[in-house]
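Working notes for the structure below.
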Ligand SMILES: Cc1ncc(C[n+]2csc(CCOP(=O)(O)OP(=O)(O)O)c2C)c(N)n1
Ligand code: SF4
Ligand code: SF4
Ligand code: SF4
Ligand SMILES: [Mg+2]
């Protein structure tokens, strides 16, 4: 009897950035950061559900491929350094 | 920077959650707390559906898709296998929604806690079956509109109170049980770390607002979560070896109407109905020692 060699296709999904494509194409507005006002408190970064903010020495950097424009970062910024603008 | 705020992201961007999803933020923060050495068993529901469109996934840790009802049973099996292989240093984590926890997964969870498996169970509570279109669960709060608790002349949204799952798990004698909120990330991360450092079954119940299901604009997600805590509608506590400790005490509680009025799912409520909800919130706050 032939021994079973496992399934014909991989059963494990691979971890990937953009598993659902370039999800920023969903958005109707985008966050714009005014670094002069930014106090680098990181509130915007910690609250982003889309993992679309990374932190640099100068402040937050938005990933415009995956930011869905939810507006949480702008709403939570204590310094009002982020505004939501038309695309 | 505070040590809780780990830079590494173990949940990748480009997933398909709705804009402003609280449950997804809960997962991102939980993975920051727990790090790489985990094996996740995830019940069917939004978090599973939005993260893993096969053959790709947003999870950068080992992850198993369980059925709707058996995340705790899958986690039990993985934990038992690790133990018999003598593998140490890997924490098994079950993750399920409120439906997968309070309703269909409750017996699997109860069994796993009673058997004493060394694992963390995370319930991300968006207070309804969101993945299938906003049906009520036993964790939907009193008065909330869902597609199966409609609002009209006779029915006024859900007519039963929210099931208290953390209390049920605490009654099993679990060594660590806690509630958390996405609006309090440091508190959430600290609690998950305590759960990870505890041997035996631990349970973390995270309040996760859902913009489309609760009917509010996505930018208000954290504001809604915070108001739940500031009004006492959601209380942040931990129960360590049977001892209760409230971790965030609002200095002066906000009226619960501030929380309810932000959400379309409560917009039908009359002043008398809101007063009734305020009474139950006050009673619960008194019971748990929140001012
Ligand atoms: C046995 C079974 N019944 C029904 C379903 C369909 N189903 C998939 S997810 C879901 C609701 C999940 O609700 P919850 O656990 O609260 O997670 P959420 O979608 O809200 O994240 C249902 C009913 C299923 N997958 N399996
Ligand atoms: S929340 Fe505002 S002030 Fe804080 S880091 Fe972000 S942009 Fe800067
Ligand atoms: S708008 Fe939303 S998705 Fe975009 S960076 Fe801000 S918080 Fe993240
Ligand atoms: S329906 Fe709600 S819980 Fe589900 S992905 Fe959308 S925002 Fe998140
Ligand atoms: Mg749910």
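No value in this document is a laboratory result; all are computed from the given coordinates. Here the structure is a predicted model, which means the values were calculated and not measured. In this analysis, Cβ positions are derived from the backbone assuming ideal geometry, glycine residues included, and neighbour counts consider all displayed protein chains.
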Self-check item: Choice from B:182, B:49, B:92 with maximal GNM fluctuation in chain B (Cα, 10 Å cutoff)
Solution: B:49
Quiz item: What is the helix-to-structure angle for B:71-85, meaning the angle in degrees between its Cα long axis and the longest Cα principal axis of chain B, kept from 0 to 90 and rounded to the nearest 10?
Solution: 20
Quiz item: Can you give the mean number of other chain Cβ atoms that lie within 10 Å of the Cβ atoms in peptide B:185-192?
Solution: 1
Self-check item: Residues of the range B:61-84 with amide N under 18 Å of the 7 Å Cα→Cβ point at residue B:107
Solution: B:67-77
Quiz item: How many angstrom separate the Cα center of the range A:50-87 from the Cα center of the range B:74-108?
Solution: 35
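Mind checking the mean number of beta-carbon atoms from other chains within 10 Å of the Cβ atoms in B:45-51? Mind showing how you got there, number by number?
Numbers: counts 0, 0, 0, 0, 0, 2, 4.
Other-chain Cβ atoms within 10 Å of each residue's Cβ, averaged: 1.
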Quiz item: Which of B:246, B:165, B:177 moves most in a GNM of chain B, Cα contacts under 10 Å?
Solution: B:246
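Under the 0.36 nm per residue contour assumption, what length would be gained going from the current alpha-carbon distance of residue B:199 and residue B:132 to full extension?
Details: separation 67, 0.36 × 67 = 24.12 nm, distance 3.52 nm.
Extending this stretch completely gives an extra 20.6 nm.
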Quiz item: Could you give the angle, 0 to 90 degrees to the nearest 10, between helix B:22-34's Cα long axis and the longest principal axis of the Cα atoms of chain B?
Solution: 40
Quiz item: How far apart, in nm, are two points set 7 Å out from the Cα along the Cα-to-Cβ line at residue B:172 and at residue B:247?
Solution: 1.9
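Can you put B:39, A:82 in order, fewest other beta carbons within 10 Å first?
Values: B:39 21, A:82 24.
Lowest count first: B:39, A:82.
Taking the Cβ-Cβ separation of residue A:12 and residue B:83 as r and a Förster radius of 25 Å, what is the calculated FRET efficiency to the nearest 0.05? List each step's numbers first, then the result.
Details: r = 23 Å, r/R0 = 0.93.
Efficiency for this residue pair is about 0.60.
Classify the range B:102-190 from the C-alpha gyration tensor, please: rounded if a/c falls under 1.5, else prolate or oblate depending on whether a/b exceeds b/c. Walk me through the intermediate numbers first.
Details: a/c = 2.43, a/b = 1.76, b/c = 1.38.
Because a/c hits 1.5 or more and a/b exceeds b/c, the range B:102-190 counts as prolate.
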Exercise. Please identify, among A:13, A:74, A:61, the residue showing maximal mean-square fluctuation in a Gaussian network model of chain A using a 10 angstrom Cα cutoff.
Key: A:13
Exercise. Determine the shape class of the protein assembly as shown: with a ≥ b ≥ c the square roots of the Cα gyration tensor eigenvalues, call it rounded for a/c under 1.5, and otherwise prolate if a/b is greater than b/c, oblate otherwise.
Key: rounded
Quiz item: Taking Cα atoms, how many degrees apart are the long axis of helix B:221-231 and the longest axis of chain B, rounded to 10 and kept between 0 and 90?
Solution: 70
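With a/c under 1.5 counting as rounded, go ahead and sort the range B:22-288 into rounded, prolate or oblate using the C-alpha gyration tensor (a ≥ b ≥ c being the square roots of the eigenvalues; past the cut-off, prolate if a/b is larger than b/c, else oblate). Present the calculation step by step, with values, prior to reporting the outcome.
Numbers: a/c = 1.85, a/b = 1.52, b/c = 1.22.
Prolate shape, in that a/c is at least 1.5 and a/b is the bigger ratio.
For chain B, what is the mean residue ellipticity at 222 nm derived from helices alone (per DSSP H run of n ≥ 4: -39500 (n - 2.57); sum divided by total residues; nearest 500 deg cm²/dmol)?
Details: 10 runs with 102 residues, N = 291.
Result for chain B: -10500 deg cm²/dmol, rounded to the nearest 500.
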Quiz item: Which ordering of A:66, B:237 is given by a fewest-first count of other beta-carbon atoms within 10 Å?
Solution: B:237, A:66
